[in-house]
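A quick write-up on the structure given underneath.
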Amino acid sequence: MYSVLKNIVNAALILQCGIASAADISIKITKKYLNFPISQKQNRAPMRLEVGGKLEQSFVIRLSADPEYWTFTDVSAFKGKTIKISYDGDAAGLSKVYQDDKINGQDSIYHEKNRPQYHFTTRRGWINDPNGMIFYEGEYHLFYQHNPYEREWENMSWGHAVSKDMIHWEELAVALHPDKLGTMFSGSAVIDYQNTSGFGNRKTPPMVAAYTVDNPDKEIQCIAYSLDKGRTWAKYSGNPVIDSKAKWNSKDTRDPRVFWYKPGNHWVMVLNERDGHSIYNSNNLKEWTFESHITGFWECPDLFELPIDDDKSKTKWVMYGASNTYMIGSFDGKTFTPEHGKYQYTTGTIYAAQTFTNMPKSDPRRIQIGWGRVQQPDMPFNNMMLLPTELKLKTTKDGPRLFSSPIKETEQLFEKVQEWPTLTPDDANAKLKKFYNSDRFRIKATIKLSYATSAGFNLFTQRILDYDMNFNTINGVLYSPEKLGSMEIIADIFVDRTSIEVFIDGGKYSYSMARLPNPESKEGLHFWGNNTEIKNLEIYSVKSIWR
Ligand code: FRU
């Protein structure tokens with residue numbers, strides 16, 4: 001299927017310590033990709049890619065002559081030049097590396113058996129946190145923590161995908177590769193319209209990424225810029241811009257979240273440092289001044305202003321951490337002052353969510369994408385992004401709270417197949433029989449309790465919903481419906497090949513889990529609960545986002 005380009009492994013195989021060997025090959029680049037044969041059974045070993053004597057990439061990889069799957073790197077930037085690949089691991093694996101205009105296995109990408117069909121996943125490799133989420137000139141950019149070279153965490157880089165609707169994504173080349181300072185950890189992106197950094201000009205304002213570099217000694221904050229809408233990046237020669245290890249006596253200083261604070265005409269960075277989120281200010285994205293610190297958060301900060309109940313004259317700020325916990329309060333550009341919190345509106349596989357910045361004036365929605373920590377069994381990729389959701393602050397009986405529900409753009413994916421007004425659980429289960437074996441669907445229902453104190457919904461015995469009115473819990477998490485004494489909850493359930501997301505009562509609470517059906521079970525879709533009513537049951541088919 002692919003043309004194996006004969007690579008000549010240098011005759012001199014240098015034996016190191018009797019275990020690993022070092023070898024190199026040189027390839028004149030005429031094609032787009034280098035394809036790498038990978039086996040998880042193989043140990044990781046360092047590889048270096050050099051062009052014209054310059055080190056372009058260095059990472060660890062599990063090359064094998066008997067690959068389980070293939071990964072790749074885009075080398076189109078080096079066309080016509082010779083790339084030297086040196087590898088300290090298995091020389092037989094190295095000899096299988098080849099260039100091609102196709103990724104090995106390209107024709108099956110996005111159609112593999114366990115490929116989520118309406119959630120973003122990467123073609124190959126590992127992903128975790130969303131990074132640098134920004135809208136610019138008609139495109140949404142999703143960067144993400146990425147190991148391009150295998151399905152487990154390592155070699156942290158910034159992967160990159162773009163979309164016009166946050167639903168259909170096109171993956172581009174890796175934006176930021178590890179460098180001599182370390183690996184590329186999480187961060188954010190801004191458009192520097194006034195060219196305060198001097199990286200561009202007012203006509204072509206730079207897109208500036210702020211990210212953490214991680215190395216065995218410390219975590220430092222760095223910046224890079226792009227003048228071509230995120231396609232190619234240059235790292236700032238004065239990096240790092242913040243090195244705060246000594247101040248905090250801690251290695252945990254990471255995940256810069258940068259935005260322009262209009263009232264003060266300056267940049268703000270929220271940075272997780274040791275035990276909470278710090279605020280820094282800057283006029284040029286290069287020099288930063290520490291302003292304040294709030295304890296009680298860990299990793300991946302976000303900070304944004306939202307109207308309460310859509311009333312733009314009543315706004316509050318939300319300070320956010322990787323575990324989806326948040327505080328509501330005020331912010332003056334230097335200090336966040338909490339008034340309420342901490343609260344949590346979503347649980348489960350979600351972690352390290354981020355929101356889009358630079359949304360158009362005509363569409364100021366605050367849209368979040370979270371990392372779905374969902375294993376993708378036997379696939380050449382791992383994890384996923386959850387559905388993009390709109391965050392809103394709404395007044396509840398307990399005060400203002402964050403609500404999160406799938407963005408309106410997701411509607412294009414769903415087609416209502418059938419609906420029923422009121423059913424008993426047994427009737428509902430009988431009606432749903434024909435949908436048992438769909439790889440993906442959406443199901444929405446109002447569940448009304450009467451005699452029972454708990455009721456819920458299973459999928460092949462996997463418990464997807466367990467609402468307990470006595471303990472006031474959903475799947476063990478404290479939950480009380482808005483209408484006190486209400487016997488009803490609405491569940492909107494999104495099932496994909498490997499994941500399940502559930503939004504309760506319009507996004508007041510949501511959660512996600514891996515889809516782990518019991519293969520022995522005949523139960524199928526199953527509502528349970530004594531004398532429960534299933535009202536407004538709707539079932540939808542779901543389109544694939546992959547063309
Ligand atoms: C959160 C996190 C971040 C870090 C990144 C590394 O999942 O630990 O704090 O920047 O992942 O991949």
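Structural remarks
- Placing R0 at 60 angstrom, the Cβ-Cβ distance between Glu112 and Ser313 gives a FRET efficiency of 0.75 after rounding to 0.05.
- Ignoring aspartates and glutamates fewer than eight residues from Lys522 along the same chain, the ones with Cα atoms less than 20 angstrom from its Cα are Asp426, Asp427, Asp439, Asp466, Asp496.
- Heavy-atom accessible area per residue - the chain, 1.4 Å, Å²: 41
- A Förster radius of 35 Å, combined with the Cβ-Cβ distance separating Thr473 from Glu305, puts the computed FRET efficiency at roughly 0.65.
- Here the sum of -39500 (n - 2.57) over DSSP H runs of 4 or more residues, divided by the residues of the chain, equals -500 deg cm²/dmol at 222 nm, to the nearest 500.
- For the peptides 518-528, 326-336, residues were scored by their other Cβ atoms within 10 Å and the scores averaged per peptide; the highest-first order is 326-336, 518-528.
- In this rough spin-label picture, where each label sits 7 Å from Cα along the Cβ direction, the Thr335-Asp66 distance is 6.5 nm.
- Packing around the peptides 529-540, 241-252, taken as the average count of other Cβ atoms within 10 Å per residue, puts them in this order, highest first: 529-540, 241-252.
- Pairs from Lys41/Lys543; Lys54/Lys79; Lys41/Lys102; Lys416/Lys448; Lys164/Lys203 whose Cα-Cα separation, in the structure shown, is over 27 Å: Lys41/Lys543
- FRET efficiency estimate (nearest 0.05) - Cβ-Cβ, Leu181 to Glu415, R0 35 angstrom: 0.10
- Spatial separation of Cα centroids for region 385-453 and region 109-155, in angstrom: 26
- Since only Phe356, His526, Thr396 are under comparison, the one whose Cα sits farthest along the positive direction of the charge dipole of the chain, derived from C-beta charges on Lys, Arg, Asp and Glu, is Phe356.
- Once both labels are positioned 7 Å from their Cα atoms along Cα-to-Cβ, the gap between Arg365 and Arg463 label points is 3.4 nm.
- With 0.36 nm allotted per residue and the present C-alpha distance subtracted, the Thr453-Ala234 stretch has 72.9 nm of extension available.
- For the chain: relative contact order, % (alpha-carbon pairs under 8 angstrom, 6 or more apart): 11
- Size of electric dipole in region 141-287: Cβ of Lys, Arg +1 and of Asp, Glu -1, about Cα centre, debye, nearest 20: 560
- Projected label distance in nm at Ala92 and Asn43, using a 7 Å step from Cα toward the beta-carbon: 1.6
The values are calculated or read from the model by the stated rules, or taken from the named source; none is laboratory data. Note that the coordinates shown come from a computational prediction; the quantities given were computed from them, not determined experimentally. Ideal geometry is used to build each Cβ from the backbone, glycine not excepted, and the neighbour counts take in all protein chains shown. Ligands, DNA and RNA are excluded from the accessible area calculation, which covers all protein heavy atoms including side chains. Shrake-Rupley method; radii C 1.70, N 1.55, O 1.52, S 1.80 Å.
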